[in-house]
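So the structure is just underneath, and the comments pick up after that.
The values are calculated or read from the model by the stated rules, or taken from the named source; none is laboratory data. The model shown is predicted, which means the values in this text are computed figures rather than measured ones. Here the Cβ positions follow ideal geometry from the backbone for every residue, glycine too, while neighbour counts run over all protein chains shown.
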Amino acid sequence: MLVRPYFLTLLFSGDGEPVPVVSPDPGLEKEWSRGTDYYKVIAWERPFPLWLAEAICQELASLLTVGGRGRPFSPSKTGRIICKIARNRGWQGTGRWFEPPDRPVFPGLFGKRDSFARLLPQVLAGRLYSLREIAGSLSRMGLAVMEGALEFLVHLEVLDGRVERLAGVGLTTDGRFRCRRCGEEHRILEDFYPEAPLPCRVCGSCLALGPVTSLQPLYCRRGALLAVASPVSPKGTAQVSPGESREESPGESFKESPQENLRGSLGEGPGESLGESRQESPGVSSGERVQEPGESPQESSGESLLESPGEGIRQVSATSELPLVLPELTPWQKATAREVLAFWEREELRSFLIWAVCGAGKTEVVFFAIHRALSEGKRVLLTVPRREIAKDLGKRVEDCFPGLEFTLLYGGKKQERPGGGLVVATTHQLLRFTPFFHLAILDEADAYPYRENRMLTGALANALLPGGKLIYMTATPDEEWRRKAVRGEIGLSRLVLRHHGHPLPVPVLCKHPLPPAEAENWLPPPEVLSFLRQAGEKNRQVLLFFPTVRLTEKAGRALKNAGLLPAVDFIHSRDEHKDRKLQAFDCGRLQVLATTTLLERGLTFPRLDVIVLYADREEIFTTETLVQIAGRVGRSSAAPFGEVIFIGEQISRPMEKARLWIAGMNKEAEKLGFLKQGTSHGN
């Protein structure tokens, strides 16, 4: 990891106070200033870590702007201020001002700027990146830059007012350390690096995306930060913290003219707003929808997209450049799709909840809104908490939007398409975004690790532009969302029937003694073994859910070793072979799979039954979790029925509520008049 000290540099022009700048090498300012109105550059000889240089520069900018008007600049007084601020933070600040020598900082650096400056706006569009991440993106675009030269090149863009730099972990206005990527304040840890004389601060919350420290910079396009702390740029832009607002435009674009760049770097120019401009992406035309041949103007409305010519697979196209191919939707899916389109068109509502039963085909209904937004030149985010689901969504987007170039981001995968209007990503990847999207769609909104995670909920909110719209999709919205929908604070559409039209399997609740979890020779009750054997005879598979990893392993091994059932295994999140076991179960090579709540959502297996053992363990098996588990059964149109059994030593309140929840959805579906006759317990 490259750790560089930073210098405080002052730029002098003929018509104003000196401008303080944080620099990796004052020689860069000296060389850069030759093409500007600045006639003199001086630097403080003692370097500082980035977080401290940033804090000192911020305070100097304020003092020079407010207290220096009409007074001659005093090098000694300014030096004393630097020493005082550094001492207050436990650092030596003594030194003197010097003028950088006339020498090239990095031979040939300025000659490499053209190709670099063309690609950097694409790399940083909507992003908050470290130098390593910038280098990775540039490399994927065919431009390799040495790390040392890279920071100097990006710094020139900072001086030109096109890029903002901030310490990864920096100080808030009240003197606390805060991560500028995720907003964390409490899990800021001390760590040591060989290149640094004193400990630095490292964010402990977002380490999974790579370390963010107080010694290293993060970069974004100038003006892009609304909810992330921003340092001073040459004329003292006010620092902003997560959750605070900022008057500046959310996505100020890179300026063209050098003089505009200079004024922008001094905070004197407004810049253009990405939130108001329409950026065209490959295959997506901005502006109005192109009518199809023979189509009347009335037919070009959103409702015409949901008419149902043809059978099975059909194609809908609002523009010839952006086709949308979907399976034929059911009447109830079309109704929800119309409501989502109406939400996109309405100005007054910013949030919308799609409350859909498991297996209802909720993803397909939002593709119309995605299509409409992309056709209007807007930027769209489709995000999910888990990478397995993100991977699956990527495949579905490829199938439904043939030829569309989109970005796909999840752990271990970066398929970036700069300029594309659609991003599919896990919620963790949103920590690398600045306000950028006009429409964000969160699928599996109540799933781990997003659920009750303030870092991830903040990242999603921060990725939206001011005025942007957010759609939540889930089968199990929590009470707060349901209350907001009832009060009309968010829009709501309920999808209470699966795509095949059959009722949801309603759980059977069983009160039965179970072996102690710590028992050495653990085996399930004889009734459960009998059920598993009968399922095998009917060529059905069974998921056995357990509350803990330890019990899952113990039960899985006991069933395998007893030889009472063919093809048994176990799986949990820490299992190194979980992908192989999942594939074996999917292919039918396993008949019984013992599992934790790892498999509670997101996967479809035909001819499946489910048993939850120790279902009365309320701390694990909440109402929402049990509803999701029950939703694994009967999802396939070829086998829309199955058994769901909750077994506990007592019937817990969540078990009862889950059963009532599912039965209630079936009753609502029956009122629609589309419910097919079939077997479902509780109806």
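Some points to look at:
- The residues of the stretch 499-519 that are touching a strand residue (DSSP E or B) at 6+ places or on another chain (Cβ under 9 Å) and within 19 Å of E364 (Cα to Cα), listed by number, are H499, H500.
- Within the stretch 391-404, the set of residues being in contact with a Gly (Cβ under 6 Å, 6 or more places away or on another chain) and either assigned to a strand (DSSP E or B) or surrounded by 17 or more Cβ atoms within 10 Å (Cβ to Cβ) (or both) comprises L404 only.
- Failed item, numbered, when G420 is tested on (1) in contact with a strand residue (DSSP E or B) (Cβ under 7 Å, 6 or more places away or on another chain); (2) not in a loop (DSSP other than H, G, I, E, B): (2)
- Strands (runs of 3 or more DSSP E) contained entirely in the stretch 1-64, each with at least 2 residues that are among the hydroxyl-bearing types (S, T, Y): 7-13, 38-44
- Which listed residue is under 21 Å from the mean Cα position of the chain (by Cα), at pLDDT below 95 and either of a type in the set (A, V, I, L, M, F, W, C) or assigned by TED's automatic domain parsing to the domain that holds P466 (or both), from L215, L207, L143: L207
- Residue within the stretch 599-619 that is in a helix (DSSP H, G or I) and either in the same structural domain as Y448 (by TED's automatic domain parsing) or farther than 17 Å from F546 by Cβ (or both) present: no
- Residue in the stretch 562-583 that is assigned to a helix (DSSP H, G or I), in contact (Cβ under 8 Å) with a residue 24 or more places away in the chain and surrounded by fewer than 20 Cβ atoms within 10 Å (Cβ to Cβ) present: yes
- Residue within the stretch 523-534 that is at pLDDT below 90 and under 24 Å from I620 (Cβ atoms) present: yes
- Qualifying residue in the stretch 74-85 (condition: under 24 Å from E151 (Cα atoms), crowded, with 16+ Cβ neighbours inside 10 Å and not polar (S, T, N, Q)): no
- Flag for F192 being more than 25 Å from T427 (Cβ to Cβ) and surrounded by fewer than 18 Cβ atoms within 10 Å (Cβ to Cβ): yes
- Matching option when the condition is assigned by TED's automatic domain parsing to the domain that holds V542, crowded, with 20+ Cβ neighbours inside 10 Å, closer than 26 Å to A517 by Cβ and out of contact with any Phe, Trp or Tyr (no Cβ under 8 Å at 6 or more places or on another chain), among T625, T596: T625
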